[in-house]
Amino acid sequence: MSIPETTNLQQPAKVPFWRDPVKRGHIFQAVVLLIALSVGYILFANTQANLERQSIATGFGFIEREAGFEIAEPPIAYSAADTYGRALLVGALNTLKVSFVGIIFSLILGTIVGISRLSHNWLVAKLSGAFIEVMQNIPVLLQLFFWYALFYEAFPSPRQALHPLPGMFLCNRGLIFAVPAAHPVHKWMLLAALVGVIGWYLLTRWGHRVQDATGKIMPVHRMGMGLTLLLPLLVWAFAGAPTALDIPVLRGFNFRGGMTVSPEFSALLIGLILYTSAFVAEIVRAGIQAVSKGQIEAAMSIGLKPGQVLRLVVLPQALRVIIPPVTSQMLNLTKNSSLAIAIGYADFVSVANTTINQTGQAIEGVALIMLVYLIFSLSTSLFMNWYNKKMALVER
Amino acid sequence: MSDRIEAVEEIRPPVTKVGVIGWLRENLFNNWFNSILTILTLWFLWWTVPPLIKWAFIDSHWFSEPAVCRDGHGACWSVVSRNIRFILFGFFPEDQQWRPALTMILLVGLSFWSRDRKRWKKSLAFTWLAGIVVMGWLMHGGLGLPVVETGKWSGLPLTLLLSFFGMVFAYPLGVLLALGRRSKLAAIKSMCVVYIELIRGVPLISLLFMSSVMFPLFLPEGVTIDKVLRAQVAIILFTAAYIAEVVRGGLQAIPKGQYEAADSLGLNYGKTMRLIILPQALKIVIPPTVGILISAFKDTSLVVIIALYDVLKTTKVTISNPEWMGFSTEAYLFLAVLYFICCYAMSSTSRRLEKELHTGR
């Protein structure tokens, strides 16, 4: 009869806005944003007032000014007359140095301990288990203090330095050892090694192509390793084989010459490696246990050698499980390296802290610390995500 | 007839397969590689353990004067035993130190009482609440006890306090953040994502610096917040981000059917989460959560760097005393044992829980 009535019926009843989930969501978000913004504004206003009252400068102008403090064992040329910017760069490089070396060694040690944990040898398995438990359950800061104290108290002064190998001294100033005296050929040897590594990579790709085409397996890794070792040696021999050594000698109260690994750096490195490797070991153990036994039996039944079973079947599958948690352990190690400040190694946090104390610009200092670590974390996780994707299972 | 039943003599397995010898062959010398490994390990143990035992237990001094220690060769545990009150209680007034001691006993006792999952009921929550009130009264004083300012709370009670309240407040905050990260509301989600990733990307030390040198600048003139409280807030904010990620894993593991079932029952968001999703999600993630709590406990030692007197700092103060200088190894070892016991108790509880919860869903 009346068309308007039916249309009226089909029109949904008007919903009040507080019952409409979409509108309610919008209102809720607006309120939260408003609160967050106003808290931010209040903090900002307070900070402005405080900075003005205490006449603290703002902005990053201090980076251009003279730092006026020394840094022990800088990886690049640095003196107290350099700027804060350069001091911070030195700190960042120190952080990178200790994290890089620490990550490599904790991966190696962690893998060894993780595999030993699964060993059929009762003694070895139990010992690795004890190592993991002890290292995981003691705060890393306490471990750093312990190793540092051990260095200072257990090792003799430079005058009575231990002399385990010719040209090597161990005392409470660190580990001092002889290094080849500076020679222009070193740069070229490094370049030759780099060429060797690139050659190794190309050889591997060639080997894969040959194997795909003919089924023959080329000894590419042996050839590649030979190339990487031989090329620098050839360059060295070509330059007349310089053998001069920079040998440390005791002058007064300390050693001169040679290479010194300071107690601060060693304590930090040992502490970080032992602590992180315990976690890596547990991850490696879990990863290997995640590979089902059938896979190993299948690999053995098609006639692969034990080494090939491990390299071609077990590891690729275990790595898939291992990589994500190991990435977060690598990041943890990098973050834990900030504890260097507690034992006086000049990492980024330590230099930034000195900067804060000297300039009073706490906000900029803390912001810089956070920024640098965010950059480290993000770039590591980007790289590991790429690697993870490369290793991930390619499904049909 | 009866002579037909003869006792058949049981043939015993060869000597080399059972007993001590069998065990040794099976576990230590089953092939040439393992035999070499065993011998190397035994040699290593023989080389390290006896001198260590001689140092730690035979030549050691337990309650002597520092001068006696200096003459001897062994460990000087006197550095701990003679300073135990300062290491454990720091600056808490000497005659009142029974109060933090009682607080810690209460805390440890309550924790052990809660280990059993049969006791996880509402009454346990009230017991804890009552326990916290009593502990707060014991530490702070009032109502007949002399008041002790928070600035004097130091040593082990401070460590336990920072970690306990860190865990208690970080947990709900972490759950909220995880829910926010899974939310459909874009603004809430992005705020939570930024917060979680930002905090997880930076070391705890930078947050502690923020609390100690940067935070005072945020406050209006005249307002100050206690240094311990600021560090506590930093620890809570830090731990919450990690808990949020763990809880998010649990939330992702809940099948979509559970949400749909809750929707079809007409439950709203709050009820869906509180009654259906969170109980299941939080149960799955109990073991990794305990892992986070253990690292939060270990991380409280970082407050040393902003000069709070936790148990690590009181130990450092003790060994920087000229009288006791040179015995840091012993003091740190004592502390390591202390931390190890606490963390090991937590991790073994977590492993037991994992086993208990593993049966079915």
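FYI, it's all coordinate maths here, none of it is from the lab. Just so you know, these numbers come straight off a predicted model, no measurement behind them. Neighbour counts run over all protein chains shown; Cβ positions are idealised from the backbone, glycine included.
For segment A:118-211, the residue among A:Leu202, A:Met168, A:Phe155 whose Cα projects farthest onto the positive side of the dipole built from Cβ charges is A:Leu202. When the Cα positions of B:Ile205, B:Leu237, B:Tyr269 are compared along the charge dipole of segment B:192-292, B:Tyr269 comes out farthest toward the positive end, with charges on each C-beta of Lys, Arg, Asp and Glu.
In segment B:67-195, a dipole from Cβ-located charges (positive for Lys and Arg, negative for Asp and Glu) runs towards its positive end, and of B:Val80, B:Pro93, B:Ser111 it is B:Ser111 whose Cα lies farthest in that direction.
Helical content alone sets the calculated 222 nm signal of chain B at -20500 deg cm²/dmol, taking -39,500 (n - 2.57) per DSSP H segment of four or more residues and averaging over every residue. Computed from point charges on the beta carbon alone (+1 for Lys and Arg, -1 for Asp and Glu), the dipole magnitude for chain A about its Cα centre is near 1200 Debye.
Provide the gained length on full extension for the span B:Asp226 to B:Trp137, in nm with one decimal, where the gain is 0.36 nm per separating residue minus the Cα-Cα distance.
Details: separation 89, 0.36 × 89 = 32.04 nm, distance 1.84 nm.
Result for the pair: 30.2 nm of gain on full extension.
Using θ = phi - 60° in the Karplus curve 6.51 cos²θ - 1.76 cosθ + 1.60, the 3J(HN,Hα) couplings for segment B:32-48 round to 5, 5, 5, 5, 4, 4, 4, 5, 4, 5, 4, 4, 4, 5, 4, 6, 9 Hz; x is entered for Gly and Pro.
Give me the net charge of A:Leu319's neighbourhood, meaning all other residues with Cβ under 13 Å from the Cβ of A:Leu319; Lys, Arg count +1, Asp, Glu -1. Don't skip to the end; give the middle numbers.
Details: positive: A:Arg311, A:Arg320, A:Lys389, A:Lys390; negative: none.
Computed value for this residue: +4.
What chymotrypsin sites (Phe, Trp or Tyr not before Pro) in segment A:232-286 are in a loop by DSSP, with at most 13 other Cβ atoms within 10 Å of the Cβ?
Working: sites: A:Trp236, A:Phe238, A:Phe253, A:Phe255, A:Phe265, A:Tyr275, A:Phe279; in loops: A:Phe253.
The qualifying sites are A:Phe253.
Straight-line cross-link reach from B:Lys54 at under 15 Å between alpha-carbon atoms covers these aspartates and glutamates, not counting any fewer than eight positions away in the same chain: B:Glu330.
Length available on full extension from A:Ile76 to A:Val210: 0.36 nm per residue minus the Cα-Cα distance, which gives 43.7 nm.
Sort out the exposed loop GluC sites (Glu not before Pro) in chain B (DSSP loop, at most 12 other Cβ within 10 Å) and tell me the longest stretch that has none.
It works out to B:222-361.
Based on C-alpha pairs under 8 angstrom that are at least 6 apart in sequence, segment B:156-308 has a relative contact order of 35 percent. Highest mobility in the GNM of chain B, judged by mean-square fluctuation with C-alpha springs under 10 Å and restricted to B:Ile292, B:Ile276, B:Ile319, is found for B:Ile276. The Cα center of segment A:67-94 and the Cα center of segment A:261-333 differ in position by 37 Å. Lacking any other cysteine beta-carbon closer than 4.7 Å, the following Cys residues of chain B have no compatible partner: B:Cys192, B:Cys342, B:Cys343.
Counting only C-alpha contacts under 8 Å and six or more residues apart, can you give the relative contact order of chain A as a whole percent?
Across chain A, relative contact order equals 21 percent.
Placing dummy labels 7 Å off each Cα toward the beta-carbon, the span from A:Ala290 to A:Thr83 is 4.7 nm. Assuming charge only on the beta carbon of Lys and Arg (+1) and of Asp and Glu (-1), the dipole of chain B about its Cα centre is about 1320 debye to the nearest 20.
Backbone phi angles across segment B:234-243, fed through the Karplus curve with coefficients 6.51, -1.76 and 1.60 (θ = phi - 60°), yield HN-Hα couplings of 4, 5, 4, 4, 5, 5, 4, 4, 6, 4 Hz in residue order; Gly and Pro are listed as x. When only the Cβ of Lys, Arg, Asp and Glu is charged (+1, +1, -1, -1), the dipole of the protein assembly as shown relative to its Cα centre reaches about 2060 debye. Looking at segment B:26-124, the chymotrypsin sites (Phe, Trp or Tyr not before Pro) that sit in a DSSP loop and have at most 12 other Cβ atoms within 10 Å of their own Cβ are B:Phe63, B:Trp120.
Where a ≥ b ≥ c are the square roots of the eigenvalues of the C-alpha gyration tensor, would you call the protein assembly as shown rounded, which needs a/c under 1.5, or, failing that, prolate if a/b is larger than b/c, or oblate? Rounded, because the longest to shortest axis ratio a/c is under 1.5. Cα centroids of segment A:115-150 and segment B:262-319: 25 Å apart.
A full extension of the chain between B:Gln280 and B:Leu102 corresponds to an added length of 60.4 nm, given 0.36 nm per residue minus the alpha carbon distance.
For segment A:194-211, the residues whose amide N sits under 19 Å from a probe point set 7 Å from the Cα of A:Met225 along the beta carbon direction are A:194-208.
Do the alpha carbons of any pairs in B:Lys152/B:Lys227; A:Lys335/B:Lys189; B:Lys122/B:Lys283 sit beyond 21 Å of each other, and which pairs? Pairs exceeding the cut-off: A:Lys335/B:Lys189.
Chain A: longest stretch without exposed GluC sites (Glu not before Pro) (DSSP loop, at most 12 other Cβ within 10 Å), sites themselves excluded? Result, exposed sites excluded: A:71-394.
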